[in-house]
Amino acid sequence: MPGLALFRLQRGPALGAFESGASAAPRFDAGGTTSDDVVATAAAILQLDLVITVDTAATHLAGALGARVWTLLPFAADWRWLAAGRRSPWYPSMRLFRQERPGDWQAPLAELFRRLRSGEAWGRAPGIQRLRSRLR
């Protein structure tokens, strides 16, 4: 997609899987591959238009910051995501993309890509605007 830039927010030991893989996405680096600096990750999230992720610490951090975040969930998602629905009661700026069948990512990824192509993802979430104005 024209104008689309991807950044990996993965931190810690799991980053090695990306380093050895074929991912061409640049990695945001705020202190090295083993750092667990939540403040640096938060700062990176605040610079992005959208975070697309699975259920990780970055998911919860982005949601807590009011960032626009799209979360891919497995069929048997953790209890905190509830059993159904596209929204999270804890994170109003988050959209959930759920598997309809165990192991089948085709439907949630197709919906995610459709929404991405439609332009729905662009622009900052209202929560980030409020946070940024308070930090100035």
- Query: If A40 satisfies every condition in (1) within 24 Å of W105 (Cα to Cα); (2) at pLDDT below 85; (3) among the aliphatic types (A, V, I, L, M); (4) out of contact with any strand residue (DSSP E or B) (no Cβ under 6 Å at 6 or more places or on another chain) but one, which is the exception?
  - Reply: (1)
- Can you name every residue in the stretch 37-63 that is of a type outside the set (V, I, T) and in a helix (DSSP H, G or I)? A40, A42, A43, A44, A57, A58, H60, L61, A62, G63
- Residue among R98, R136 that is charged (D, E, K, R) and at pLDDT 85 or above: R98
- Message: Report every pair of residues separated by at least 6 positions or lying on different chains whose Cβ atoms are under 9 Å apart, first residue within the stretch 3-15 and modelled with pLDDT of 70 or more, second of a type in the set (A, V, I, L, M) and in a loop (DSSP other than H, G, I, E, B).
- Response: A5/A25; L6/A24; L6/A25; F7/A25; F7/L48; R8/A25; L9/L48
- Note on the structure: Flagged in the stretch 60-90 as closer than 16 Å to P102 by Cα and in contact (Cβ under 8 Å) with a residue 40 or more places away in the chain, in numbering order, are L72
- Restricting the stretch 64-86 to residues that are charged (D, E, K, R) and either under 14 Å from the mean Cα position of the chain (by Cα) or part of a loop (DSSP other than H, G, I, E, B) (or both), the residue that is nearest to I45 (Cα to Cα): R68
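The values are calculated or read from the model by the stated rules, or taken from the named source; none is laboratory data. Being a predicted model, the structure only gives us computed values, none of them experimental. Using ideal geometry, Cβ is built from the backbone for each residue, glycine included, and neighbour counts are taken over all protein chains shown.
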